[in-house]
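Working notes, structure below.
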Amino acid sequence: MISEPANATLRKNIHVSDSAAKAAVAIARKISNAIKQHQLIGKTFRLGLATGATPVPLYKELIKLYQQGDVNFKNVHTYNLDEYDEISFDNPNSYHGFMRENLFDHINIPLEQTHFPSGDDPAAYDREIASVGGLDLLILGIGSNGHIAFNEPGSEKDSPSRLIELDASTIADNKQYFPDGDMPTRAITMGLKTILDTKTLVLMAWGDSKASIIAESLSCTPSADLPASFLQDHPNTLYFLDHGSASKLS
Ligand code: GLP
């Protein structure tokens, strides 16, 4: 058993659900309430988005809320965490393609209000986000090596948005999505500085395969060796886990 979360605040912010689907209902409700509050005062809601298997139940739930008329996205701007380098946006395995398939094509967000980091000038993403006052809420998954977005081990907490070489373990984890063997080995990632400047962070993890890295990221001293550990220092990180991913927390 790996040691318990570092402090009481962290513990308070850990929500363990029976399933990813149940957690997704709670997170979607939180996001839709925040969108509506911003709508009431005529403000844009700036929502950071992740890709991968982890956020899919949440996206299903947001689509459901939209279809029921419970939320609309006209005052929302989205900011994705990352994109592969030198990939066609028409490629369904690009994160542009993933987001259209899993969310954007099913809700009323104008595509010009959806933002991604660009390989041409990655740090421009940080300037763009800072110029609008930062992100309101950002959802995150966690890689098996402790990366968030594509901030691989070695990424410092003030790292900018940038082009990064993917770790061998990340390539091994994600190559299943590229059966033709054409997986890019570099990506453009939002940096840890912009991530940690976000008002509310929501880290999600499901299943036994995430149990060790979740326990380690919550109990170790924050360091670049395990980028997700920097979330411990953020005043408002909410962890949504299921019984599998929480199974190594005491
Ligand atoms: C991917 C993404 C991350 C994601 C993580 C976990 O490679 N760059 O943003 O959170 O790795 O992926 P999954 O949700 O499929 O486990």
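The values are calculated or read from the model by the stated rules, or taken from the named source; none is laboratory data. Since the structure is predicted, the reported quantities are computational estimates derived from the model, not experimental observations. Every residue, glycine among them, receives a Cβ derived from its backbone with ideal geometry; neighbour counts consider all protein chains shown. Calculation scope for accessible area: heavy atoms of the full protein, side chains included, ligands and nucleic acids excluded. Shrake-Rupley method; radii C 1.70, N 1.55, O 1.52, S 1.80 Å.
Points worth noting:
- If you go through the range 154-183 and keep only what is touching a residue at least 40 places away in the same chain (Cβ under 8 Å), away from the ligand (no atom under 13 Å from the Cβ) and out of contact with any helix residue (DSSP H, G or I) (no Cβ under 6 Å at 6 or more places or on another chain), you end up with Gly154, Glu156, Arg162, Leu163.
- Residues that are touching a Ser or Thr at 6+ places or on another chain (Cβ under 8 Å) and more than 24 Å from Ile148 (Cβ to Cβ), drawn from the range 62-81: Leu65, Asp70, Val71, Asn75
- Unmet criterion (only one of (1) surrounded by fewer than 16 Cβ atoms within 10 Å (Cβ to Cβ); (2) among the β-branched types (Val, Ile, Thr); (3) within 23 Å of Asn13 (Cβ to Cβ)) for Thr185: (3)
- Among the residues of the range 194-203, those identified as open to solvent by less than 20 Å² (accessible area, probe 1.4 Å) and farther than 15 Å from Leu249 by Cβ are Thr194, Ile195, Thr198, Leu201, Val202.
- Hits in the range 72-86 (condition: away from the ligand (no atom under 16 Å from the Cβ) and open to solvent by less than 10 Å² (accessible area, probe 1.4 Å)): Phe73, Val76
- Subset of the range 123-142 [within 22 Å of Asp167 (Cβ to Cβ), among the aliphatic types (A, V, I, L, M) and part of a loop (DSSP other than H, G, I, E, B)]: Ala123, Ile142
- Looking across the range 58-94 at every residue that is of a type in the set (D, E, K, R) and either closer than 11 Å to Ser32 by Cβ or touching a Pro at 6+ places or on another chain (Cβ under 9 Å) (or both), the one that is modelled with the lowest pLDDT is identified as Glu86.
- Residue match in the range 143-151 (condition: touching a residue at least 40 places away in the same chain (Cβ under 8 Å), surrounded by 21 or more Cβ atoms within 10 Å (Cβ to Cβ), among the aromatic types (Phe, Trp, Tyr) and in a loop (DSSP other than H, G, I, E, B)): yes
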